[in-house]
Amino acid sequence: MQVLKFGGTSVGSSQNINNVISILETYSEKDKVACVVSAVGGITDKLLLAGEQAKNKDRVFEATFNDIKAIHLEIIEELNPSNKQPLLDFLDETLNALKQLLEGIYLINELSPKTSDKLVSFGEKLSSFIIAETMKNRRLSAARKNTQDLIITNANYTKAEVDYPTTYANIRDYFKSARARITILPGFIAKSAQGEETTLGRGGSDFTAAILAAAMEVEQLEIWTDVSGMFTTNPKLVKQAYPIETISYQEAMELSHFGAKVLYPPTVQPVLDLNIPIHIKNTNRPEDTGTIISNQESQNGNPVKGISNIGNIALLTLQGSGMVGIPGFSKRLFETLAQEKINVILITQASSEHSICLGIDATDAESAKTAVDQIFENEIALHKIDPIVVETGLSIIALVGDNMKNHQGISGKMFSTLGKNNINIRAIAQGASEKNISAVIADKDVKKALNTLHEQFFEAKTKQLNVFITGVGNVGERLVEQIRQQRAYLKENLKINLRIIGLSNSRTMYFNEDGIDLKDWKEKLAGGEKASLDGFFQNILKLNLRNSIFMDITANADVARRYPDYLRESIGVVACNKIACSGNMENYRLLKRLSLKYNAPFLFETNVGAGLPVIDTLNNLVASGDKITSIQAVLSGSLNFVFNHFNDQTRFYDVVKQAQEEGYTEPDPRIDLSGVDVARKILILARESGVSMELEDIENTSFLSESGLKSDSVADFFETLIEDEGHYQQIYAAASAKQCQLKYVAQFNNGQASVGLQEIPQGHPFYNLEGKDNIVMFYTQRYPEQPMIIKGAGAGADVTASGLFADIIRIGNI
Ligand code: ADP
Ligand code: ASP
Ligand code: MG
């Protein structure tokens, strides 16, 4: 005998039922088959919905009823184009009984557990009849047997307990004389000794099949479903999840108990004692290996076998000083919950005994609170304990593995991984057997938690980074292009899976949770929703993806003001925008603090020297214990351009105009020529060296003429350049007389910073600086005479984009 079970989706359409029939045909060639079927996918839920509607005196139950009818009619007609009359008659008869039951519920305005079981039993009765009759129509040796005649339970409606001796005897008896090669049996439903209809609990068809398998002591039990086995975690929530080939009974039980819906937890019990393996298979892909659940404990390999999640959890906390050292509190608490038939899923107790925390199904939360508050009424009145606190909107996630007990540090890794992603843990439980470590977290964090834990324990090698870019002008565009070109390389060589999830310019923004296709991102962005800073932030929060990075490639103060919001959500910030780091010191400190507190990287390498590794080098010097004594630097590509082109053969006005037109200066060249931009850069370097400094503290000796300084518009300013040509020629002549070059230099010495034009003599490292190159010299305790020098192109879209890219990779390597 072979025992197979097909779940709701496997019998959810005529096409799928045809798959099932062909699998059964093949199997029946080998040996007889007992096949347990669930209700057609979704029907149990619809029956319960109709019952609720009828109970609430809502005639809409008729629409739900019609829906149920239509689904079955369609399946019958598609499966049996001819000879469908007996099936239609049966459907009619059965649905009449269902309609009457619903009318009855409507009339009395009540839906007891007993009636509920009667109601849901229609689902399996219909599906098993349709499948068996269809097979008979196709001349297969098939019969249907109602399990309600075989499986006998107590009267604990909606989740009845099985009377094994009677049930096993009935099953053996029946199959002794059963003649058909294939027997179709409805799962989930049973009867009490008194003949009342009962059920084995939601998902209980698996259990029915296990009871049959155990009664007949078959070689293995096969559970056919819509996925290729038990997965490392819920495949609907984690795309990278994969089927586990072999797993022990204990591990399977833990995983299913904590939410791996693919197997109904009690299923394991009947087959466990007899050592009958359970094979989970995919009806849509019968060729896939699936999962074998057996008594083989896993010895080698990954100590974590799977990660599961269970939603709709409420946390009850009982606390108060009156509990300490007094025996009996927990006993009373658990007795009360047991009396209310409330199942406790998770328990933690602080070692001070000051509080007990319980995880239960949220549907039971209210009755639990009422019952517990009542039983401790006296203690609450005497303020020995507080009224019980109930929190909802929670889920449990659990790591499961027989072998976790032999490995240190798994829970540490679990909690730090969650912490890094800003997932708050409300309660933790770890059984002494160490087969399971569970944590209670908010529902909204479940997807992120499963993905990040799965990455940590099952994909250890790749890290997914989720990037959100604001500002896709020149630099932003280059960055997107560089990412597009390097994605495959990063995955292959650095094990970084870099995805751009959100893009925004000042007009529109666009998101794709699965990663934006970078081939046509411009069209997608143009067709996106209206951009807003808050909308961008809210979308990132809603997506709640692990390792999220916000990138500011604007020069906008409003964007910079949002950094604290991102950091507080543990979202990394990479800024090209200088405003935040060169704004007031208090804000700079706040950002640094938030970055540490929320474990969110805050990087801004491109603030100084574009793509040159200036800040990174400085950080490494400081971190390794070196002390910065002095920084000498040329940090402005625009001023370099101007003074490399200005001489006694050119006009200052023409050079500045050309620099402006060729994009070497800001549209308002005063920002560059006044030295403010350079001052901001040396300020950032001074701060990164550990000095507290404001922009006003920097000495700025301007080379501009007095009227140039006073000009109040760009046009005015250009006028002054023409008028004051003499002033600028004088500066040139003075330098030239000493064979010096003019360079705009930023300096930081002993805690003081200054910027200004300097005459640089031949032989000085700055003397030959060309084009838009920048140079930075660090004098430190370890480099006292010969400075550490960083030199290279300090402006341009490509190098700036590569500096931003380097910041992303730094985060990937953390
Ligand atoms: P059936 O109707 O065949 O009994 P279920 O819906 O009860 O199927 O169970 C299969 C579903 O369980 C899958 O479609 C999947 O979404 C869900 N599931 C949750 N966790 C896991 C897991 N760890 N492995 C496989 N499936 C899981
Ligand atoms: N049909 C029942 C349910 O949906 C039993 C099962 O499918 O296992 O819960
Ligand atoms: Mg199921």
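The values are calculated or read from the model by the stated rules, or taken from the named source; none is laboratory data. What you are looking at is a predicted structure, and each value in this text was computed from that prediction instead of being measured. Positions of Cβ are backbone-derived with ideal geometry, glycine not excepted, and every protein chain shown enters the neighbour counts.
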- Note on the structure: Quick count over the range 114-141, residues being within 16 Å of ligand 1 (Cβ to nearest atom), under 19 Å from Phe65 (Cα atoms) and not small (Gly, Ala, Ser), is 3
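Can you tell me which of Asn284, Asn302, Asn309 is under 21 Å from Gln220 (Cβ atoms) and among the polar types (S, T, N, Q)?
Details: Asn302 fails: under 21 Å from Gln220 (Cβ atoms); Asn309 fails: under 21 Å from Gln220 (Cβ atoms).
Result: Asn284 is the single residue among Asn284, Asn302, Asn309 that is under 21 Å from Gln220 (Cβ atoms) and among the polar types (S, T, N, Q).
Okay, residues lined up against (1) of a type in the set (Val, Ile, Thr); (2) within 30 Å of Asp626 (Cβ to Cβ):
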position	(1), (2)
Thr665	yes, no
Asp668	no, no
Ser689	no, yes
Asn700	no, yes
Leu704	no, no
Phe718	no, no
Ile722	yes, no
- Message: Just to be sure I understand, how many residues within the range 41-55 are within 14 Å of ligand 2 (Cβ to nearest atom), surrounded by fewer than 21 Cβ atoms within 10 Å (Cβ to Cβ) and in a helix (DSSP H, G or I)?
- Response: 4
- Query: For Gly229, are the conditions met, namely being within 29 Å of the chain's Cα centre (by Cα), within 12 Å of ligand 3 (Cβ to nearest atom) and crowded, with 21+ Cβ neighbours inside 10 Å?
  - Reply: no
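Take Leu263 and tell me if it is crowded, with 17+ Cβ neighbours inside 10 Å, away from ligand 1 (no atom under 16 Å from the Cβ) and closer than 26 Å to Ala215 by Cα.
It is false that Leu263 is crowded, with 17+ Cβ neighbours inside 10 Å, away from ligand 1 (no atom under 16 Å from the Cβ) and closer than 26 Å to Ala215 by Cα.
Output the residues belonging to the range 114-140 that are exposed (fewer than 15 other Cβ atoms within 10 Å of the Cβ) and on the phi < 0 side of the Ramachandran plot. Don't jump to the end; show me each part of the working.
Keep residues of the range 114-140 that are exposed (fewer than 15 other Cβ atoms within 10 Å of the Cβ), which gives 138-139.
Answer for the range 114-140, where residues must be exposed (fewer than 15 other Cβ atoms within 10 Å of the Cβ) and on the phi < 0 side of the Ramachandran plot: just Arg138.
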- Task: Look at the range 266-315 and say how many of its residues are within 16 Å of ligand 1 (Cβ to nearest atom) and closer than 30 Å to Thr167 by Cα.
- Result: 13
- Note on the structure: Within the range 671-722, residues being crowded, with 20+ Cβ neighbours inside 10 Å, within 49 Å of the chain's Cα centre (by Cα) and more than 19 Å from Met585 (Cα to Cα) number 3
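Considering each of Gln100, Gln148 in turn, give the residue that is under 30 Å from Glu77 (Cα atoms), touching a Lys or Arg at 6+ places or on another chain (Cβ under 8 Å) and polar (S, T, N, Q). Walk me through how you get there before you give the answer.
On the way: Gln100 fails: touching a Lys or Arg at 6+ places or on another chain (Cβ under 8 Å).
The unique qualifying residue is Gln148.
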- Query: Pick from the range 184-214 the residues that are surrounded by fewer than 24 Cβ atoms within 10 Å (Cβ to Cβ) and over 20 Å from Thr115 (Cβ atoms): which of them is nearest to ligand 3 (Cβ to nearest atom)?
  - Reply: Gly203
- Complete set of residues in the range 701-725 that are over 30 Å from Arg687 (Cα atoms), in contact (Cβ under 8 Å) with a residue 24 or more places away in the chain and polar (S, T, N, Q): Ser711
- Residues satisfying the stated conditions in the range 22-40, i.e. surrounded by 19 or more Cβ atoms within 10 Å (Cβ to Cβ) and away from ligand 1 (no atom under 16 Å from the Cβ): Ser28, Val33, Ala34
- Query: What are the residues in the range 368-418 that are under 32 Å from the mean Cα position of the chain (by Cα), among the β-branched types (Val, Ile, Thr) and closer than 28 Å to Lys341 by Cα, if any?
  - Reply: Ile388, Val389, Val390, Thr392, Ile396, Ile397, Val400
- Selection within the range 243-266 - more than 11 Å from Ile293 (Cα to Cα), within 14 Å of ligand 3 (Cβ to nearest atom) and in contact with a strand residue (DSSP E or B) (Cβ under 7 Å, 6 or more places away or on another chain): Leu255, Gly259, Ala260, Val262
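Would you say Lys236 is free of Cβ contacts under 8 Å to residues at least 24 places away in the same chain, within 16 Å of ligand 1 (Cβ to nearest atom) and of a type outside the set (Phe, Trp, Tyr)? Before the answer, list the steps.
Working: free of Cβ contacts under 8 Å to residues at least 24 places away in the same chain: yes; within 16 Å of ligand 1 (Cβ to nearest atom): yes; of a type outside the set (Phe, Trp, Tyr): yes.
The answer is yes for Lys236.
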- Condition test on Ile631, is it among the β-branched types (Val, Ile, Thr) and assigned to a strand (DSSP E or B)? yes
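If we keep just the residues of the range 346-363 that are without any contact (Cβ under 8 Å) to a residue 60 or more places away in the chain and part of a strand (DSSP E or B), which is nearest to Lys331 (Cα to Cα)? Show your work before the answer.
As a first pass, look at the range 346-363 and keep what is without any contact (Cβ under 8 Å) to a residue 60 or more places away in the chain: 349-356, 358, 360-363.
From what is left, the residues that are part of a strand (DSSP E or B) are 349, 355-356, 358, 360-361.
On the way: Gln349: 13, Ser355: 14, Ile356: 12, Leu358: 13, Ile360: 17, Asp361: 20 Å.
Ranking the candidates gives Ile356 first.
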- Message: Checking Asp45 against (1) within 22 Å of Leu95 (Cα to Cα); (2) more than 16 Å from ligand 1 (Cβ to nearest atom); (3) not polar (S, T, N, Q): exactly one of these is not met. Which one?
- Response: (2)
- Counting only residues that are of a type in the set (Lys, Arg), more than 15 Å from ligand 2 (Cβ to nearest atom) and out of contact with any Ser or Thr (no Cβ under 7 Å at 6 or more places or on another chain), the range 114-165 contains a total of 4
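Checking the condition at pLDDT below 95, outside any strand (DSSP E or B), charged (D, E, K, R) and more than 16 Å from ligand 2 (Cβ to nearest atom), which residue from Arg172, Arg179 passes? First the steps, then the outcome.
Numbers: Arg172 fails: at pLDDT below 95.
When all the criteria are applied, what remains is Arg179.
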- Item | Candidates Leu590, Leu618, Leu603 - the one that is more than 28 Å from Gln781 (Cα to Cα) and among the aliphatic types (A, V, I, L, M) | Leu590
